[in-house]
Structures are given as C-alpha cells and as structure tokens.
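Since the structure comes first, as structure tokens, the remarks are kept for the end.
Every number here is computed from the coordinates shown, using simple stated rules; none is lab data. Being a predicted model, the structure only gives us computed values, none of them experimental. Using ideal geometry, Cβ is built from the backbone for each residue, glycine included, and neighbour counts are taken over all protein chains shown.
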Amino acid sequence: MRVLVAGASGFVGRRLAPALHDLGHDVRAMTRHPERYRGAGTPVLGDVHDPDTLATALEGATAAYYLVHSLDSADFERLDAEAACAFATAASDAGLGRIIYLGGLGRDFEQLSTHLRSRREMEGLLGSTGVPVTTLRAGIVIGHGGISWEITRQLVERLPAMITPRWVRTKTQPIALADVVRYLVGVLELDDAADRIFEVGGADVLEYLDILRRVAALQRRRMLIAPVPVLTPRLSSLWLSLVTDVDGRTGRALVDSMSNEVVVEDHSIRELVQFEPMGFDEAVAAAMADRSRERSRVVR
C-alpha cells in the first residue's frame, strides 16, 4: 500500500515511517525539504500551508497519516485549521481512502485548553470533505525528542528543587512512543477502524507530580517539589522557557493543557490492536536509551 506520512521528519513521523516501510508499505515521506530528508521511504515535497503542493504529494496514495501542528506559532489555531482544511480538500480530490490523525485526549464536555480544543477541531476539519478519518487521541507521549517529555526530563535534570503550580495534581496517562507507533500502524488496514475515534494510553495513570518524582528516582536524583496554588499558566510557561530549551509559545500551549485531565476512558482500540502497552518506567527507560544512542552517534 502506498502511504503518505505528513510530518515524516517530526517526533512521531520519523519513527512511524520506518515501521511502515519494514512492513512492506510504499512510504512517501512528505516534507518541505525533501533534499534534506534521510529517513525511511521516498521523500516528496509537500507543505500543508501551501495547498498547491499537496496534489503531487498525495498522488497514488491509498492512506495518509496527518502528524502536523503549528504549536510554535502564536496563531497556531488558525494555521492548523487552515492546514487541515487544505489537506482534507486535497485528500478528497486525490481519492484517498483514509486519513489517520494523532490528536489529544480530553473530555469533550470539559473546558478544554486552546491546544486541545484546536486538536479536536482538526478531527472534524480533516473529515469535512468525506474522506474517512481514524483518530487516535493520546496524552503525553514518552520518547526522545518529544516536547512534553523533554520538558519533564530537563526539569528533573536541571533543578534540584521545584516550586510547581497546581496542575501537577492533574491526572494523565502517558504512553510510550513505540506504543503510539504500534497503534498507528495497527489501524491502517482495519476496516473496523475507519471513521472512528480511539483513545490510547500506557499502563499507568499518574499525576504530573508523580511523573516528576518517578523520573527523578529513575535517574537517581534527589528532588524537592513544593506545589503552590498561585503559579499561573503564564508564569509557568515563562519559568519553563528559562529552565528548558522548549520554545516559549509551545511551552505555554502545553502548560495550558495540563489543567485538563487526560485519561483513557474508552478502551475499544485494545480489541482491535492487541498488545500490552508499556508501563511508565519502561517507557522512560526506552526514551533515555534512545537519547544515549543518538548522542553517541553524534560524538562519533
């Protein structure tokens, strides 16, 4: 099957493309800079913010993964909505059989953060031209290079003590990057997955406070954490931009989302794609091992 991966050079895409390739799929890696692409599959020029490039990128494809976002922009809601509309139109014109989209967990009846609300809107926009959409909703993805994981890792490594906001008591269900990829690959050829929304998560439900403490313990670091009720999302994002390498706008969008509980309530995907997701500690160990391997390659 010819499969287009929009966002092939991103955090999830660069792991998904080789997994699809290893299964024998004809992978087309959509990127704005095909001359720089060194991953699995055939690089093709495509930019969701330039609709004129999408027809050629989608040519001959049976399915496409949509893994693109604009969180580093102050106007990411508008940009992501326009991009999803453009991709949906191009997918319909190309006769695409299915779009698979990675969105975010969060209860629809709650007041979602701007980031999660945007992710939810994109689900509808991608399906607005009639192409079936399979959506996987996830919380924090634990893997080397992931923004949420990098925030956690860097906070633990760089601060012996933390004054934390009240969102550290929010529950979340982190999932290992490898497990996200297994779910994304697993739904590709399932008829029962078309036009459905699934929730995916790892084996453990944790508060953000537990996550920080467990990462510190796994790294054999001592950490003092003191939650306080007065640290606002804006102050939290400024604090993150000072302590970590994460872009300030991206950090603010993610911090806003940390007030929303993101826990799997619908486990139906476990009936279709059957495996046991990793626990949190195992996911962290895998992320740290990937980081060590990448750093050793750079040194060589």
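Cβ crowding within 10 Å, taken as a proxy for footprinting-reagent exposure, orders ASP47, ASP93 from fewest neighbours to most as ASP93, ASP47. A protection proxy built from the mean count of other Cβ atoms within 10 Å ranks the segments 275-283, 30-38, most packed first, as 275-283, 30-38.
Calculated mean residue ellipticity, 222 nm, the chain: -12500 deg cm²/dmol, from DSSP H runs (n ≥ 4) at -39500 (n - 2.57) each, averaged per residue and rounded to 500. Bridge orientation summary for the chain: considering DSSP beta bridges with both residues in this region, about 5 percent are antiparallel.
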